[in-house]
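Here's the structure, in structure tokens; my notes come after.
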């Protein structure tokens, strides 16, 4: 058996100087403000997307077509000064279409690896639930470990690396359910929803002559994003906050109405998201109530509800909200 050899895709990012919370908060404000030039009226969702980036996580957006899911991904990537690739999912998309593969040069007879679109700092996977589970599974190593292995060679992806995937509601035609292992790789799931009348009017005005995404400029650099991620790891979270996080996650595993509870990756992810929110605000603390508002974003898509034959079945969101009412902070 041939030995797997680690390899580096693109030169690693230069070491960024350490940042304090004020630096992180300033970079976050710049990213959020710049993105809001493109995405109107979705401040809370943009903050969560930036928090996911600073948490070294991946983002799943489920919503109907046409509500700026794709534009959100492009706006954040361009604002961060990062490379960006888009994968449009279709049922016939194959793993090699995403990862790349070895090709032979007809003139020289030399084989070389052709990098697929997953080799980028920001990757938009559009309509991920239109692709087969086999191709979805090909993305797991990249999302979980920041690496891609092909033909016994491991390529380490350039940092920062973030997947933003969009999916249509499962009721829409021609879609597959995401496997549990795939959903568990996404730190949070959110929806954008339709804009208000006022925001939609502003959008029509902004887009009358051209789209502002064509002129958006970077407000930071990839190495400073990596430095923000490193700074987030150093944020102190109070013991009672961590205990509350663990109590909520463990309650999902004991809930009779759930077939599958949240994994330890959910505990780690919610803890890191809390650290990122603290860093973005720059005030050094967070309340139990705020953690309770973040928890559904991290947990809803990870749990599986038991099927029942009679009666009204609760949704995952309703069960998580019930758990949050049952698990009292400090108890």
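Quick note: the coordinates plus some simple rules give every number you see, no bench work behind them. Predicted model only: the values in this text are computed from it and were never measured. For neighbour counting, all protein chains shown are included, and Cβ atoms are generated from backbone atoms with ideal geometry for every residue, glycine included.
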Open item on the list: Applying a 10 Å radius around every beta-carbon, put 245-252, 124-131, 39-46 in order of their mean neighbour count, most first.
Closed with: 124-131, 245-252, 39-46
- [ ] May I have the extent of the alpha carbons of the range 5-234 along their three principal axes, as whole Å values ordered from largest to smallest?
- [x] 59, 49, 37
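Evaluate 2.2 N^0.38 Å with N set to the residue count of the range 215-290, then give the Cα radius of gyration divided by it. Please list the in-between numbers first.
Details: Rg = 15.8 Å, N = 76, 2.2 N^0.38 = 11.4 Å.
Cα Rg divided by the expected 2.2 N^0.38 Å: 1.39.
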TODO: Could I have the simple spin-label model distance between residue 213 and residue 289, label points 7 Å from Cα toward Cβ, reported in nm to one decimal?
DONE: 3.7
Task: Paramagnetic reach from residue 134 (point 7 Å along Cα→Cβ, amide N under 20 Å) across the range 55-98 - done: 88-98
Open item on the list: Test of understanding: express the Cα radius of gyration of the range 235-331 as a ratio to 2.2 N^0.38 Å, with N the residue count.
Closed with: 1.11
Open item on the list: Using a Förster radius of 22 Å, what is the FRET efficiency between residue 257 and residue 325 based on their Cβ-Cβ separation? Nearest 0.05, please.
Closed with: 0.95
Task: Relative contact order (%) - criterion: Cα under 8 Å, at least six apart; region: the chain - done: 25
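Could you put 285, 184 in order, starting from the residue whose Cβ has the fewest other Cβ atoms within 10 Å? Write down the numbers at each step before the final one.
On the way: 285 11, 184 20.
Ascending Cβ contact count within 10 Å gives the list 285, 184.
Tell me the mean residue ellipticity at 222 nm calculated for the chain from its helices only (DSSP H runs of n ≥ 4, each -39500 (n - 2.57), averaged over every residue, nearest 500). Don't skip to the answer; put the middle values down first.
Working: 13 runs with 138 residues, N = 331.
When only DSSP H runs of four or more count, the value is -12500 deg cm²/dmol.
Once you have the Kirkwood Rh of the range 101-243 from its Cα pairs, apply Stokes-Einstein at 4 °C and 1.567 mPa s and quote D in µm²/s.
On the way: Rh = 19.3 Å.
Rounded to a whole number, D works out at 67 µm²/s.
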Open item on the list: Suppose each label sits 7 Å from its Cα in the direction of the beta carbon; what would the residue 106-residue 147 distance come out to in nanometres?
Closed with: 3.6
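Determine, from the Cβ-Cβ distance of residue 308 and residue 236 and an R0 of 35 Å, the FRET efficiency 1/(1 + (r/R0)^6), rounded to the nearest 0.05. Don't jump to the answer; show the numbers that get you there.
Details: r = 43 Å, r/R0 = 1.23.
The formula returns an efficiency of 0.20 here.
Could you give the length gained on full extension between residue 83 and residue 201, defined as 0.36 nm per residue of separation minus the Cα-Cα distance, in nm? All intermediate terms of the calculation are to be shown ahead of the outcome.
Working: separation 118, 0.36 × 118 = 42.48 nm, distance 3.13 nm.
Here the segment from residue 83 to residue 201 would lengthen by 39.3 nm.
Taking only Cα atoms of the range 189-246, what ratio of Rg to Rh do you get with Rh as the Kirkwood inverse-distance radius? Let's see the in-between values first.
Numbers: Rg = 19.4 Å, Rh = 16.1 Å.
Ratio value, two decimals: 1.20.
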TODO: Compute the FRET efficiency between residue 250 and residue 318 as 1/(1 + (r/R0)^6), taking r as their Cβ-Cβ distance and R0 = 22 Å, and round to the nearest 0.05.
DONE: 0.70
TODO: Under a 10 Å cutoff between Cα atoms, tell me which one of 211, 301, 78 has the largest fluctuation in the Gaussian network model of the chain.
DONE: 211
